[in-house]
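The structure appears right after this line, and notes come after that.
The values are calculated or read from the model by the stated rules, or taken from the named source; none is laboratory data. Since we're looking at a predicted model, the values are computed, not measured. Please note: Cβ atoms are built from the backbone with ideal geometry, for glycine as well, and neighbour counts cover all protein chains shown. Note: areas computed on protein heavy atoms with side chains; ligands, DNA, RNA excluded. Shrake-Rupley method; radii C 1.70, N 1.55, O 1.52, S 1.80 Å.
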Amino acid sequence: MSYPSLPGSSSSRRTWKYEVFLSFRGEDTRNKFAGHLFSALQRKGIFTFRDDKRLEKGQSIKPELLKAIEQSRISLVVFSQNYADSSWCLEELEKISQGIGEPGYFVVPIFVDIDPSDVRKQDGNYRKFFDKHEEDFKDNIDKVQRWRLALNQVAGLVGYDVRNKSESDVIDEIVQDAASKLRHRFANLVDDLVGMQSRAEAFESLLDLESDEVRKVGGMWGMPGVGKTTLAAVVYDRISHRFDACCFLDVSKVYEGPGLVRLQEKLLWETLHLKMEIGDVNRGTELIRTRLQHLKTLIVVDNVDHDDQLEKLIGNPTWLGPGSRIIITTRDSHILKVYGVDEIYEVKHLNDDEALQLLCRRAFKQDDPLSDFKRGKIS
């Protein structure tokens, strides 16, 4: 998905490149659970790293793969009967375990065809595999001990036991959980921006998110520079996990022609992963109307300054499936009224207290003014 570029959204410890890293034993689950999970994550628009290319026996794990683990927000580890047979998988697991406890990083174990206690206690097949590893690495027994520790740490986390359950139901639950975790990508931003939390909550309340039976349109309007785009991005991030398909579009100064067609193509790609050259605005409008009518969809249309932008991109809210929500930002409240927006939220400038708090954060790196500043003694 494409998001507005906003400051402060990355961790001080990690640089996020991927949303999910999927660790699994290929021979066990590539064409089964892991493959189905990967496809479900992709359909949800979650950028997932999956390594299908295993090195020949005796070769070390690639540095690029270890880097991919470092750059992923979530690591999903699919434990299967033969996972521990692979020294490659265990090296992945050791790297994954090193990030446990880091802010913004999540590790989730998934037990497909094996008892979680066998994994945690390294019993059954896992005992046999580790006996073999200790023989193979008898000159580097510390490596095997690190693998044992990593396995114990990761398998001891809260995760999913897929045995005797509907695979599709569990996959849906895992994807929903991953999407929910990823919505916190701007958590630090929300905390850093003065007044953002209360404004986001106030706008969300207008959208009636608990109802799946209605299609609701919420509009934000305000003066240039007041923070409409930032607020829309934070709200989008907070609620997007509730929807089947999502898209954030900046439509400023795009009324017609090739620019509008590109936006239609972007909308279809981000919501449906449908990559195609539309060529004609009317054809794009028809595709949007017919392809999204059964999907619960969230669309943010940012910087609207002309009626045609809404008519060609999202038409009527009935084009979208039940439970869908549209968010429109504009500096012209008349556009919202003409389109028939259900709820209009005015984004206002910071009040005096908020403005003072923002000044203190920028100037003094703290929320409260310095005592001398309060008394007016700073020269």
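So the values come out like this:
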{"item": "Residue count for region 20-46, restricted to those that are surrounded by fewer than 16 Cβ atoms within 10 Å (Cβ to Cβ) and within 15 Å of the chain's Cα centre (by Cα)", "result": "2"}
{"item": "Single condition TYR3 does not satisfy, out of (1) modelled with pLDDT under 75; (2) in contact with a strand residue (DSSP E or B) (Cβ under 9 Å, 6 or more places away or on another chain); (3) buried (at least 19 other Cβ atoms within 10 Å of the Cβ)", "result": "(3)"}
{"item": "Filter result for VAL112 (within 22 Å of the chain's Cα centre (by Cα) and open to solvent by 10 Å² or more (accessible area, probe 1.4 Å))", "result": "no"}
{"item": "Any hit, region 195-215, residues being touching a Ser or Thr at 6+ places or on another chain (Cβ under 8 Å) and modelled with pLDDT of 80 or more", "result": "yes"}
{"item": "Region 242-293, subset closer than 23 Å to ALA179 by Cα and assigned to a loop (DSSP other than H, G, I, E, B), residue most open to solvent (accessible area, probe 1.4 Å)", "result": "LYS275"}
{"item": "Among (1) closer than 28 Å to GLY321 by Cβ; (2) of a type outside the set (S, T, N, Q); (3) surrounded by 13 or more Cβ atoms within 10 Å (Cβ to Cβ); (4) modelled with pLDDT of 90 or more, the one test that ALA179 misses", "result": "(4)"}
{"item": "Residue match in region 163-174 (condition: part of a helix (DSSP H, G or I), among the polar types (S, T, N, Q), out of contact with any His (no Cβ under 6 Å at 6 or more places or on another chain) and open to solvent by 80 Å² or more (accessible area, probe 1.4 Å))", "result": "no"}
{"item": "Hits in region 138-162 (condition: without any contact (Cβ under 8 Å) to a residue 40 or more places away in the chain, surrounded by 15 or more Cβ atoms within 10 Å (Cβ to Cβ) and hydrophobic (A, V, I, L, M, F, W, C))", "result": "VAL144"}
